[in-house]
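See structure below.
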Amino acid sequence: MTGKLKFTRAAMVAVMVAVASAGAISTAEARVAPGTNIVGGTLASTAQAPWAIALNNSQSPVPSGQYCGATLVKANKIVTAAHCVTKARSTYTAVQGRDKLSTTTGRTSKISSIWKDPLYGRAPGHDVAVLTLTTPFTGVPTLPLETSRAADAVGAQPVVYGWGNTEGTGPADTFQKVTVPVLGDSYCGQVYAGYDYVADGEICAGYKEGGKDSCQGDSGGPLVLNGRLFGVVSWGIGCADAGNPGVYAEVATYASALTAQINS
Ligand code: ARG
């Protein structure tokens with residue numbers, strides 16, 4: 001398997017199962033398997049990050065239903081990744097206020113409609129979507145969108161949140177966070193040459209030496225800077241590997257399209 005690995009955890013598990021049954025691990029598959037849940041992060045609390053939403057899916061192979069992340073941007077609207085919304089609308093559940101997905105704490109909502117950036121898959125970037133909740137999370141703090149492209153500056157210190165794979169660096173299906181410094185468009189343009197990294201539309205963040213990163217299952221979740229939704233977890237090659245940082249959809253680039261959907 002070649003190409004950029006823009007997998008949900010469900011897809012990753014499917015690959016791992018396929019690899020296990022085939023009894024051989026190719027190089028590209030091996031890159032996928034050794035991920036971590038937010039890799040190298042620390043425990044986070046949805047009480048402190050109430051706008052962080054777990055976007056579960058009934059077709060996830062993970063018993064908890066863990067699938068993707070999202071961000072509450074209005075009582076009835078969440079922003080996630082376009083690549084997270086390939087399944088039937090009825091299979092999704094948005095979960096708010098649940099640190100451990102094995103529990104039933106917090107609030108849930110089904111999804112009444114899905115808007116996916118129409119250019120996703122046709123042009124590089126555009127990995128954003130807006131979902132409408134059937135049951136608004138009324139009273140829960142929301143996160144405003146970053147609207148300035150100048151926020152994507154080398155050295156900025158955003159924090160990414162999620163319930164995804166920890167590659168053994170933390171408990172499974174548990175809310176985690178990690179700071180991932182912005183490395184800049186030129187770095188990802190170099191290390192991801194041939195992978196369609198797009199400077200105007202993506203953010204390159206993580207550590208050149210690896211060790212800390214978002215990972216499979218974190219997709220769609222928030223990258224937060226200055227109290228605003230700065231990025232959306234999108235893709236990477238493996239997780240937390242040296243020279244392969246995380247790539248995030250740049251919210252400021254898509255802010256006007258997102259805002260139109262959020263206000264619709
Ligand atoms: N595409 C992955 C998902 O669907 C997220 C990948 C993030 N990878 C990374 N190395 N930061 O969950």
| query | Could you work out the helix-only [θ] at 222 nm for the chain, with each DSSP H run of four or more residues adding -39,500 (n - 2.57) and the total divided by the number of residues, to the nearest 500 deg cm²/dmol? | reply | -4500 deg cm²/dmol
| request: Pull up the DSSP beta bridges for the stretch 122-264 and report the antiparallel fraction as a percent, rounded to 5. | output: 95 percent
| request: Could you grab the relative contact order for the chain? Cα pairs under 8 Å, six or more apart, rounded to a whole percent. | output: 26 percent
| query | Relative to the compact globular guide of 2.2 N^0.38 Å, what is the alpha carbon radius of gyration of the chain, as a ratio? | reply | 0.90
| Each residue of the stretch 119-136 in order: what ³J(HN,Hα) in whole Hz does its phi give by Karplus 6.51 cos²θ - 1.76 cosθ + 1.60, θ = phi - 60°, with x for Gly and Pro? | 8, 4, x, 9, 9, x, x, 6, 8, 9, 8, 10, 10, 9, 8, 6, 10, x
| task | Could you tell me which of the pairs K116/K212; K77/K100; K77/K116; K177/K212; K77/K110; K87/K177 are separated by over 18 angstrom between their Cα atoms in the structure shown? | result | K116/K212; K77/K100; K87/K177
| message | Name the residue from Q96, Y248, I203 whose Cα lies farthest towards the positive end of the charge dipole of the chain, charges +1 on Cβ of Lys and Arg and -1 on Cβ of Asp and Glu. | response | Q96
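Each reported figure results from applying straightforward, stated rules to the coordinates on display, with no laboratory input. Computed from a prediction, not measured in an experiment: that's the story for all the values here. No Cβ is skipped: glycine too gets one built from the backbone with ideal geometry, and neighbour counts run over all protein chains shown.
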